[in-house]
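Novice: Have a look at this one.
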């Protein structure tokens, strides 16, 4: 792993090495730290060894001899079981005569001698050793079992393990463009060469081109087995290559030592593209070109990357070399069979290069998934072909479009199989993945449309030969080119799909990921659910059919949805760090409640997203569950009565696929598509039409609707219930094949991928980001609502808040039998339903009754002014790159079924915790630092406290005392 300097001294030493400062030129501060000149030279050598730098191009050439440097490096590599330094083969193989095969044999022997497990060998070292020695996990275990069976002999002499190791390298694939290089021969070795071998060596020495295709493969392999030649895999700045399957990858541990080349390999797997040169990849990754060339060379050496070669240059060099050989009467001709085969191979690669050119007319799509999908594909007992795809996707972080067809074929084999238990969940993800890939590959066209377009294209190609351009004039004097133009306009867009793993993308720096998206892709499609740690494309990047921002992946999106349509379940937002002594009125007495954690964190499975009814908590343990969750994150709580639950004690939901509009602009008949009854279809159509007018959702995803009871009846009688929105998710869900099929069907009917409606999608997502940004700015700890609510404590004496009315439209504390409030008159019920409303309304629960307060006019004017200032200051923020941080609420909130208001629950908190203090502590998100607390005591009937946080956010326990009694210990 790359070591980042942690101290100022380390940073100064690194800078001095890069500037090649001598001992005399070092600052006195560094000289006092290093103590001596020898220590300074040792630091230089250690740094160059860890960076795998060449002796003649690095600072170490002024410190030690070349031979000593490379010997120290090889000792370091053997000790750490590191990868063979192929980029230093000119000295290590040629001068030191250390071949990769012998290096890995010695490495495996050291592991066996120390009786270490096979997993102790790092990933890439184990894969390269398997390629050269043929010793993998099973062979390693078999050799160790044979050695241990000898008991005393094994304990006394560990060298018996060498007898089981191979003496020659196994056969492996050699590409025609690999270079053949000679080692420094001894006189005895040269005398043992045959005439053919001598002629081949002379040719290698004389010719500038030393490609493997120019020599007799039998002779070259014989020389390689004896260690007289080694292979060079040249990668130049203008080369292009593509990543293929990771065949032969060994899933051991990652390296614990520092190796910049191995670190680059994972990034190369994700960022590589046949449309980009190695120099462009280096620019994208902001990496050194030499290190990236070494990483790409190693990937090609193991067969994990395929170099795209221009056949013109290679064949021209080959013909020139053949003519020179005829003139010089060379004894090493190239067989005609090999020439024709390799020429066809090069032509095939060249065609692939042309097809992948930037102007080839293909729209490039990236389907972003998480690491869980790889475990769902690891069903080797059912379909062994899926294992290779799963390993490639997990380790490389990417499946190229050339592998998608094979993946779909392998996924098709699962359709006839039957699954039970947990395997059914794995199969569901596999079926959904196949459905999504086929939809994206087809460009959102139905099978019938694809057949018509294919036949139309065939007819056009038959009528007019390729490569000709004719303009026929009809009777009216117009050319037939108009018909060609019409057919060209109707030509569908072609799509090529890559699969990317979001965890691999998250390991890339943000600017690097932006450059990758803009360079390689036109459309990004995300799966549902997407991890919170995922990095999302910016608004200025490619089209993203997924969450428009990180706030859309949190309960903020629920609040925006409810506020936009003015409908939704009763919801209470509780700030992080609070500890409740009793439940506030909307939660007290509920049968069950649904919990949503703000940042995806869970406690004993609570708060997880997309767990459905598993997140339903019984009302009698709700207080304990909330206190457990509030220590770690903010929570959105949605209480339900027994009348809102079905006979099995669960909520009733239905998922509506997006987009809601068809390709002709008409509204989709969702009820018919989901095979619902007429009454249900009418209700859903009215709700969704209203939602579409208030909140544009022209994207890929689904809306989950919840069925709630209007009246206290024992069953869902006609007209006694209503559908309300519960949540909206952006992307393609893989956990439900049925829902995934519905969404793909909506993509086809809407023509989303074949029409020029991407501007409409961009505008819809920009509007949604503005709404999310607005609600976050208003209700975060430093927002206008927080200032309005917490500044209420600073009102002058004599000015009190005006008591408006009891509050809530959907939740009625006056008639709820489980509420601690007693019944009231009909007049008060009418007053509840038609209560006054103002901009600064605050809902408050004093432990017995829920009230609505209106602050003074001055607070309302100040709040409006603050909101306008925030809008002007933060104008354009929604179009900037998402910060990726989850904004926590700084105010307790209550959505009463139609409006979202601040919620004062101070009476429900342990020791009457001041909400302003908790909000202030949650406002600082700059890491853990020391905190200084000033506590002052004042008496107003009982002992209270004041705590002022003077530093940034921390995890600190506050011990609150009232006289000599401990009231509570809570976390801020």
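We did not get these values from a lab; they are worked out from the coordinates using the rules stated. Just so it is clear, the structure is predicted and the values come from calculations on it, not from any experiment. All Cβ positions, even for glycine, are placed from backbone atoms using ideal geometry, and neighbour counts span all protein chains on display.
Novice: Report the extension gain between residue 170 and residue 674 in nm, rounded to one decimal, defined as 0.36 nm multiplied by the number of residues separating them, less their alpha carbon distance.
Specialist: Details: separation 504, 0.36 × 504 = 181.44 nm, distance 5.87 nm.
Between residue 170 and residue 674, full extension yields 175.6 nm more.
Novice: Let me ask another. Hey, got the Cα dimensions of region 33-164 along the principal axes, in Å, largest first?
Specialist: 52, 32, 24
Novice: Still on this structure, I have one more. Gap in Å between the Cα centre of region 655-681 and the Cα centre of region 240-289?
Specialist: That distance is 45 Å.
Novice: Highest first, please rank the peptides 364-372, 640-648, 550-558 by the mean number of other Cβ atoms sitting within 10 Å of their residues.
Specialist: Working: 364-372: 20.4, 640-648: 15.0, 550-558: 23.6.
Highest-to-lowest ranking by the protection proxy: 550-558, 364-372, 640-648.
Novice: Something else: Label points 7 Å out from Cα along the Cβ direction at residue 372 and residue 621: separation in nm?
Specialist: Computed distance between label sites residue 372 and residue 621 equals 2.2 nm.
Novice: What's the extension gain from residue 652 to residue 187 if we count 0.36 nm per residue and subtract their Cα-Cα distance? Don't skip to the end; give the middle numbers.
Specialist: Numbers: separation 465, 0.36 × 465 = 167.40 nm, distance 8.59 nm.
Working it through step by step, the gained length comes to 158.8 nm.
Novice: Let me ask something else about it. Over all alpha-carbon pairs in region 625-665, figure out the percentage whose distance exceeds 13 Å.
Specialist: Considering region 625-665, 72 percent of its Cα-Cα pairs are separated by more than 13 Å.
Novice: By count of other Cβ within 10 Å, fewest leading, how are 177, 304 ordered?
Specialist: Sorted ascending by nearby Cβ count, the order is 177, 304.
Novice: Please work out whether region 83-149 counts as rounded, prolate or oblate from its C-alpha gyration tensor, where a ≥ b ≥ c are the square roots of the eigenvalues and a/c under 1.5 means rounded, while otherwise a/b larger than b/c means prolate and anything else oblate?
Specialist: prolate
Novice: Please report the relative contact order for region 33-164, taking Cα pairs under 8 Å with a sequence separation of at least 6, and give it as a percent rounded to a whole number.
Specialist: 17 percent
Novice: Calculate the FRET efficiency for residue 666 and residue 722 from the Cβ-Cβ distance with a Förster distance of 25 Å, rounded to the nearest 0.05.
Specialist: Calculated value: 0.50.
Novice: Report the extension gain between residue 36 and residue 745 in nm, rounded to one decimal, defined as 0.36 nm multiplied by the number of residues separating them, less their alpha carbon distance.
Specialist: 247.9 nm
Novice: Find the centroid of the Cα atoms in region 553-605 and in region 101-174, then give the distance between the two in whole Å.
Specialist: 57 Å
Novice: Between region 41-78 and region 194-228, what is the separation of their alpha carbon centroids in Å?
Specialist: 32 Å
Novice: Just rank 908, 709, fewest to most, by other beta-carbon atoms within 10 angstrom.
Specialist: 709, 908
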